[in-house]
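So the structure is just underneath, and the comments pick up after that.
Only the coordinates and a few stated rules stand behind these numbers; no lab work does. No experiment lies behind these values; they were computed from the predicted model shown. Glycine also receives a Cβ, built like all others from the backbone with ideal geometry; neighbour counts cover every protein chain displayed.
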Amino acid sequence: MKDYFSESEFQACSPPCSKADMHPETLRKLNLARENAAIPFVLTSAYRSKEWDKSKGRSGTGAHTLGRAVDIRCKSSKNKYKVLLALLDAGFNRIGISATFIHADDSPNHSQQIIWTY
């Protein structure tokens, strides 16, 4: 399978991170979803350290801190549909949908088979 994501895309996330911070299975699913959606995925957030997460008022135990989550910029309804369908087909079963992005994760430590909105 093609690797659609470069190191620089992870460094452009907020906060910047490394592709190596991500769990290999999460990356595999992300590449499969990108291939199936047939549109670019722009990552806005990926790995977050526990310290960074806590500094933003979060728990420090979220899927991002495990390298098991990404946020994908997605503004149009048509692209949201394509991305959502591709993520589900790739095996992501924890998805959040906002006005400007879709969160996808495969954390085994959190509730499974859920979709939420922001």
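Can ARG48 be described as closer than 16 Å to PRO15 by Cβ, of a type in the set (Lys, Arg), in contact (Cβ under 8 Å) with a residue 24 or more places away in the chain and in contact with a Ser or Thr (Cβ under 8 Å, 6 or more places away or on another chain)? Spelling it out, ARG48 is indeed closer than 16 Å to PRO15 by Cβ, of a type in the set (Lys, Arg), in contact (Cβ under 8 Å) with a residue 24 or more places away in the chain and in contact with a Ser or Thr (Cβ under 8 Å, 6 or more places away or on another chain). Listed conditions (1) loosely packed, with under 13 Cβ neighbours inside 10 Å; (2) farther than 20 Å from LEU84 by Cα are all met by ALA38, apart from (2).
Total residues in the range 44-83 satisfying the condition of being surrounded by fewer than 21 Cβ atoms within 10 Å (Cβ to Cβ), in contact with a helix residue (DSSP H, G or I) (Cβ under 6 Å, 6 or more places away or on another chain) and in a helix (DSSP H, G or I): the figure is 3.
Within the range 1-54, being among the polar types (S, T, N, Q) and in contact with a strand residue (DSSP E or B) (Cβ under 6 Å, 6 or more places away or on another chain) holds for SER14, THR44, SER45.
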